[in-house]
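Student: For reference, the structure I am asking about is given below.
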Amino acid sequence: MLFVGDDWAEDHHDVEVMDASGRRLAKARLPEGVAGITRLHAMIGQCLGDDVDVDVDDVAARVKIGIETDRGPWVQALVAAGYTVHAVNPLQAARYRQRLALSGAKSDAADAHMLADMVRTDSHQLRPIAGDSAEAEAVKVVTRMHKTLIWERTRAVQRLRHALREYFPAALAAFEDLDAADTLELLAKAPDPAAAARLSISQISAALKRARRRNTAAKATAIQAVLRAEHLGQSTVVTAAYAASVRALVALLVTLNEQVKALQGQVEAHFGRHPDAEIILSQPGLGAVLGARVLAEFGDDHNRYTSAKARKNYAATSPITRASGKKKTVAARFVHNDRLIDALMTQAFTALTASPGARAYYDRQRARGATYNAALRQLANRLVGILHGCLKTGTRYDEATAWSHHLNKAAA
């Protein structure tokens, strides 16, 4: 057996190879790219010796690699070569490092040694990189960028709100949605109080119509009245500076809106072509975008999760128990995949109106004294188990089957 520690950086990899006894066989700093991966293969081949069968399965069984990432061309090259690759969580690596160096000393070469020793002693505790398909990886790429742009848009809206509150409070009173098309159009035309007060009814109405608003006449009149009312403000030079900042934020939000819409089409297209899309879309509370996020973060390797409990633990919807002596506490998991838990909690909230069984389950948790968040998290946990069963058996969601156990308990 060979155990390889790979401490990666942007342009190089510090690598160490050790045997089952912990003896260092080789170490090197390899460049990123084809040249580096070729040298790594040569190092491993030299350490394995000439008597090793070149069968890929044999290599996979005899070489284990630890690296603190699960993506990128380098990792894909390691997997393609047939090695068993363990994506070590950086938090796990940091705790393991403390076992080897209490002084706090750290170097790239030492981290490579630590990772090699970690997979040598604790590989049974580490999760190998999942064998997700290229289709699932494509869904993951577009869904993550789509969500990232939505988060960026929210940050930009908050910055815009903060700026308007400092010099143009009338805009906050006049416009409900700062990222709406009509609001952005009017702020681009009139980013300061004086210019906004000169906006005519026809200009405001035209912007509302282009944004497909209803009751444009009444809304235009109300907006004009607010913009022409007296409000506290700033000096002329400070107002001009804020107006320039708002123009920049408005232009940024217009672009973000366009790209979010464009990426949503890509998300729906890639997700619609995936074999598991039909099963995922049958789940209550999941549409194309939310379903794509769930697929992207769970992956599509059906052998990755040995049980529904394992999937729930990965999703962080299941609780954790801390017990010591006579003291025992049950708490929510706060270390989790933010993107996945966000999608699952949104699904649970939507399922309250889409599924009678989900609603009844949630109401029972609330009747037992659970808070809103706790009850919603328990519902999300139950929905993850249902999804796992559907994916494992290749069947669509069925309301009666999904909640039959709980309905029987309630009847008893």
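The values are calculated or read from the model by the stated rules, or taken from the named source; none is laboratory data. Since the structure is predicted, the reported quantities are computational estimates derived from the model, not experimental observations. Here the Cβ is made from the backbone with ideal geometry for all residues, glycine too, and neighbour counts use every protein chain on show. Calculation scope for accessible area: heavy atoms of the full protein, side chains included, ligands and nucleic acids excluded. Shrake-Rupley method; radii C 1.70, N 1.55, O 1.52, S 1.80 Å.
Student: For a bin width of 10 Å, list the pair-distance distribution of the stretch 133-237 built from all Cα-Cα distances, rounded to whole %.
Tutor: Using 10 Å bins, I get a P(r) of 14, 39, 25, 12, 8, 2, 0 for the stretch 133-237.
Student: Another question about this same structure. Please list Cys47, Cys390 in order of solvent-accessible area, largest first, computed with a 1.4 Å probe with all protein chains present. Mind dumping the intermediate values first?
Tutor: Details: Cys47 40, Cys390 15 Å².
These residues rank, largest area first, as Cys47, Cys390.
Student: Counting heavy atoms of the protein chains only and a 1.4 Å probe, report the per residue accessible area for the stretch 317-412 as a whole number of Å². It would help to have the intermediate numbers written out before the result.
Tutor: Numbers: 5670 Å² over 96 residues.
Result: 59 Å² of accessible area for each residue.
Student: Quote the charge dipole size of the stretch 229-385 about the Cα centre in Debye, to the nearest 20; the model charges only the Cβ of Lys and Arg (+1) and of Asp and Glu (-1).
Tutor: 1180
Student: Relative contact order for the chain: what percent, with Cα pairs under 8 Å and sequence separation of 6 or more? Present the calculation step by step, with values, prior to reporting the outcome.
Tutor: On the way: 538 pairs, mean separation 52.1, N = 412.
After rounding, I find 13 percent.
Student: If you don't mind, another one. With a 1.4 Å probe and every protein chain kept in, tell me what percent of the accessible surface of the chain is carbon plus sulfur. Each step should come with its number before you reach the end.
Tutor: Values: 11570 of 21900 Å².
Its accessible area is 53 percent carbon and sulfur atoms.
Student: On to the next question. Taking θ = phi - 60°, what integer Hz values does the Karplus form 6.51 cos²θ - 1.76 cosθ + 1.60 yield along the stretch 138-145, in sequence order, with x for Gly and Pro?
Tutor: 5, 4, 5, 4, 6, 5, 5, 5
Student: Something else about it: Can you give the angle from 0 to 90° between the axis of helix 201-210 and the longest principal axis of the chain, with both taken from C-alpha atoms, to the nearest 10?
Tutor: Long axis of 201-210 versus the principal axis of the chain: about 30 degrees.
Student: For Gln259 and Ser21, what is the calculated FRET efficiency with R₀ set at 60 Å and r taken between the beta-carbons, to the nearest 0.05? Show your work: numbers first, answer last.
Tutor: Values: r = 54 Å, r/R0 = 0.90.
Step by step, r from the Cβ atoms, then E = 0.65.
Student: How large is the dipole of the stretch 163-282 about the Cα centre if only Lys and Arg carry +1 and Asp and Glu carry -1, each at its Cβ, rounded to the nearest 20 debye? Before the final figure, lay out the partial values.
Tutor: On the way: 13 positive and 12 negative charges, 108 e Å.
Dipole of the stretch 163-282, to the nearest 20 debye: 520 debye.
Student: For the chain, what does the helix formula give at 222 nm: sum of -39500 (n - 2.57) over DSSP H segments with n ≥ 4, over the residue count, nearest 500 deg cm²/dmol? Numbers along the way, then the final one.
Tutor: Values: 19 runs with 258 residues, N = 412.
So the calculated ellipticity at 222 nm is -20000 deg cm²/dmol.
Student: Oh, and also: List the chymotrypsin sites (Phe, Trp or Tyr not before Pro) within the stretch 254-345 that DSSP assigns to loop and that have no more than 13 neighbouring Cβ atoms inside 10 Å.
Tutor: On the way: sites: Phe271, Phe298, Tyr305, Tyr314, Phe334; in loops: Tyr305, Phe334.
Answer in residue order: Phe334.
Student: How large is the accessible surface of Lys140 in square angstrom, using a 1.4 angstrom probe and rounding to the nearest 10?
Tutor: 40
Student: Starting from 0.36 nm per residue, how many nanometres of slack lie between Ala374 and Ser324 once their C-alpha separation is accounted for? Please report the intermediate quantities before stating the final value.
Tutor: On the way: separation 50, 0.36 × 50 = 18.00 nm, distance 2.34 nm.
Taking 0.36 nm per residue and subtracting the Cα distance, the gain is 15.7 nm.
Student: Could you compute the net charge surrounding Val88? Neighbours are other residues with a C-beta less than 13 Å from the C-beta of Val88; K and R count +1, D and E count -1.
Tutor: For residues surrounding Val88, the net value is -2.
Student: Roll a 1.4 Å probe over the protein heavy atoms and report the accessible area of Thr346 in Å², nearest 10.
Tutor: Accessible area, nearest 10 Å²: 60 Å².
Student: Another question, then. Suppose we keep just the DSSP beta bridges with both residues in the chain; what percent of those would be antiparallel, to 5? Provide the component values of the computation, followed by the final result.
Tutor: Details: 20 of 29 bridges.
DSSP beta bridges in the chain are roughly 70 percent antiparallel.
Student: Further, regarding this structure: Of Glu135, Glu230, which has the most accessible area and how do the rest follow, probe 1.4 Å?
Tutor: Numbers: Glu135 100, Glu230 180 Å².
Accessible-area ranking of Glu135, Glu230, largest first: Glu230, Glu135.
Student: Net charge near Ile223, counting Lys/Arg +1 and Asp/Glu -1 over other residues with Cβ under 15 Å of its Cβ? Walk me through the numbers before you get to the answer.
Tutor: Numbers: positive: Lys189, Arg198, Lys209, Arg210, Arg213, Arg214, Lys219, Arg228; negative: Glu176, Asp177, Asp182, Glu185.
The answer is +4.
Student: A further question on this structure: Along the Cα-to-C-beta direction of Arg127, a point sits 7 Å from the Cα; which residues of the stretch 312-334 have their amide N less than 11 Å from that point?
Tutor: 312-316
Student: Between beta-carbons, use under 11 Å as the cut-off and find the net charge around Asp342, counting Lys and Arg +1, Asp and Glu -1.
Tutor: The answer is +1.
Student: Continuing with this model, one more query. Based on the Cα atoms of the chain, what semi-axes does the equivalent ellipsoid have, where each is the square root of 5 times one gyration tensor eigenvalue, given in whole Å with the largest first? Could the numbers behind the result be given before it?
Tutor: Numbers: eigenvalues 488, 196, 91 Å².
They are 49, 31, 21 Å, listed from largest to smallest.
Student: Next question, about the same structure. For the stretch 297-412, report the translational diffusion coefficient in µm²/s to the nearest whole number, using Stokes-Einstein at 4 °C, 1.567 mPa s, and a Kirkwood Rh over Cα pairs.
Tutor: Details: Rh = 15.2 Å.
Using the Kirkwood radius from Cα pairs, D works out to 85 µm²/s.
Student: Compute, for Thr38, the solvent-accessible surface of its heavy atoms (probe 1.4 Å) with the complete set of protein chains present, and express it in square angstrom to the nearest 10.
Tutor: Near enough 80 Å² of accessible area.
Student: Out of residues 5 or more away from Leu2 or on other chains, whose amide H comes under 5 Å of its own, with H placed 1.01 Å from N in the peptide plane?
Tutor: Excluding prolines and chain starts, which carry no amide H, the hits are Val63, Lys64.
Student: In degrees, nearest 10, range 0 to 90: what is the angle between the Cα axis of helix 108-122 and the longest Cα principal axis of the chain?
Tutor: 70
Student: At a 1.4 Å probe radius, which order do Glu399, Glu258, Glu268 fall into by accessible area, largest first? Display every interim value, and only then the final one.
Tutor: On the way: Glu399 60, Glu258 105, Glu268 80 Å².
Descending order: Glu258, Glu268, Glu399.
Student: So what's the gap between the Cα centers of the stretch 147-220 and the stretch 226-289, to the nearest angstrom?
Tutor: 13
Student: I've got another one for you. Counting Lys and Arg as +1 and Asp and Glu as -1, each charge on the Cβ, what is the dipole of the chain about the Cα centre in debye, to the nearest 20?
Tutor: Numbers: 54 positive and 44 negative charges, 483 e Å.
I would put it at about 2320 debye.
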